[in-house]
Amino acid sequence: MRMLLIDAGNSRVKWAMVEGGMGLRQNVLENTHAPALSVAFSELPPPDRILISNVAGENMAQLLSAACAAWQCPIEFIVARVRQCGVRNLYEHPAQLGSDRWAALIAAWHQERASCLVVNCGTATTVDALSAEGEFLGGLILPGVDMMQSSLAAGAAQLVQAEGVWREFPRNTADATFSGSIQATIGAIRLQFKALAVRGDVRCLLSGGAADKVQLHLKLPSVRVDNLVLRGLQIIAQENLS
């Protein structure tokens with residue numbers, strides 16, 4: 001069975017075509033170019049199933065549906081459940097957990113089968129805790145590294161956004177805002193790691209466009225894992241088939 005897996009995030013749409021557990025094609029498009037999805041998808045072979053994680057809003061959902069309409073096969077917009085693929089969701093209102101976080105947690109559990117911190121460094125940074133029993137305990141959402149810097153520039157008249165580098169003790173404004181954003185992010189990750197480590201050994205998985213910037217300064221045992229959401233969608237699809 002050929003499946004099209006789509007991860008529509010706040011900034012980019014990623015997709016992968018898989019068949020028999022093997023990836024055939026993979027690509028990405030900025031959300032600002034989302035109307036071109038129909039053209040991009042027209043180059044793909046017809047899928048038998050389409051699974052979508054969409055956190056980019058109703059307009060994106062309509063664009064994705066229109067781009068996939070020519071194939072006349074079911075489109076499944078996934079939502080977080082109480083339990084799925086071995087992961088139990090302890091959110092107070094399980095369906096309110098973002099579909100991207102849910103898919104990433106499922107992928108992390110199937111990769112590690114152990115307690116881990118699942119960190120996505122994108123437009124927002126999410127830091128989600130998974131127990132050794134496969135329970136999603138809860139997580140943090142904070143502005144991503146770029147969003148922190150742009151919000152500072154927008155809200156403080158004398159802080160003009162410019163490219164900075166990390167310094168332990170920054171001596172110019174660009175370095176100060178970049179270093180502050182990195183420190184705030186890694187501080188949140190380290191605190192959650194410490195809290196989860198009280199329960200036993202913890203592994204840290206990092207994904208997202210800013211993961212490299214964060215991992216460089218994290219000073220925690222961590223592994224970079226790309227496309228956790230797409231991996232999770234594939235696992236969800238396989239469980240549905242079985």
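Between GLU133 and ARG171, what length comes free when the chain is fully extended (0.36 nm per residue of separation minus the Cα-Cα distance, one decimal in nm)? Display every interim value, and only then the final one.
Values: separation 38, 0.36 × 38 = 13.68 nm, distance 4.60 nm.
Difference between extended and current length: 9.1 nm.
Quick check: at a probe of 1.4 Å, how many percent of the accessible area of the chain sits on carbon and sulfur atoms? Don't skip to the end; give the middle numbers.
Numbers: 6300 of 12140 Å².
Carbon plus sulfur share of accessible area: 52 percent.
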Margin query: Roughly how far apart, in whole Å, are the Cα centres of the range 115-160 and the range 202-224?
Written below: 12
Notebook entry, point to check: LEU90's amide H: which non-local residues (gap 5+, or another chain) put their own amide H closer than 5 Å, with H modeled 1.01 Å from N in plane and none for Pro or chain starts?
Noted result: PHE136
Item checked: With DNA, RNA and ligands ignored, accessible area of HIS33 (1.4 Å probe; Å², nearest 10) -> 100
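For the range 14-123, what is the accessible area per residue in Å² when the probe is 1.4 Å? Working shown, then result.
Details: 5360 Å² over 110 residues.
Per-residue accessible area for the range 14-123 comes out at 49 Å².
Please tell me the relative contact order of the range 27-143 in percent, rounded to the nearest whole number, where contacts are Cα pairs under 8 Å and at least six residues apart. Walk me through the numbers before you get to the answer.
Numbers: 168 pairs, mean separation 21.5, N = 117.
Worked out over the range 27-143, it gives 18 percent.
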Margin query: Only bridges whose two residues both fall in the range 50-153 count here: according to DSSP, what percent of them are antiparallel, nearest 5?
Written below: 75
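Hey, what did the range 98-143 get for relative contact order, percent, Cα under 8 Å, at least 6 apart?
Numbers: 71 pairs, mean separation 14.0, N = 46.
Relative contact order of the range 98-143: 30 percent.
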Checklist line | Beta bridges per DSSP with both ends in the chain, % antiparallel, nearest 5 | finding: 60
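Name the shape class, rounded, prolate or oblate, that the alpha-carbon gyration tensor gives for the chain, where a ≥ b ≥ c are the square roots of its eigenvalues, rounded holds for a/c under 1.5, and otherwise prolate holds if a/b is larger than b/c and oblate otherwise.
Values: a/c = 2.20, a/b = 1.32, b/c = 1.66.
Because a/c hits 1.5 or more and a/b fails to exceed b/c, the chain counts as oblate.
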Check: Do you know the relative contact order of the chain, to the nearest whole percent, from alpha carbon pairs under 8 angstrom that are 6+ apart?
Finding: 17
Item checked: Per-peptide average of other Cβ atoms within 10 Å, ordering 112-119, 69-76 highest first -> 112-119, 69-76
Item checked: the range 58-102, Rg to Rh (Cα coordinates; Rh as Kirkwood inverse mean 1/r) -> 1.10
Item checked: Rounded tilt (10° steps) of 58-68 against the dominant C-alpha axis of the chain -> 40
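Nearest-5 percent of antiparallel DSSP beta bridges in the range 105-230? Present the calculation step by step, with values, prior to reporting the outcome.
Numbers: 13 of 21 bridges.
In the range 105-230, approximately 60 percent of DSSP beta bridges are antiparallel ones.
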Next item on the list: Specify the angular offset, from 0 to 90 degrees and rounded to the nearest 10, of the alpha carbon long axis of helix 228-241 from the longest principal axis of the alpha carbons in the chain.
Entry: 30
Note to self: Below 19 Å, Cα to Cα, which aspartates and glutamates can LYS219 reach? Residues fewer than 8 away in the same chain don't count.
What the structure shows: ASP128, GLU168, ASP201
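The values are calculated or read from the model by the stated rules, or taken from the named source; none is laboratory data. All figures in this text were calculated on a predicted structure; none of them were measured in a lab. Ideal geometry is used to build each Cβ from the backbone, glycine not excepted, and the neighbour counts take in all protein chains shown. Surface areas here come from the heavy atoms of the whole protein model, side chains and all, with no ligands, DNA or RNA. Shrake-Rupley method; radii C 1.70, N 1.55, O 1.52, S 1.80 Å.
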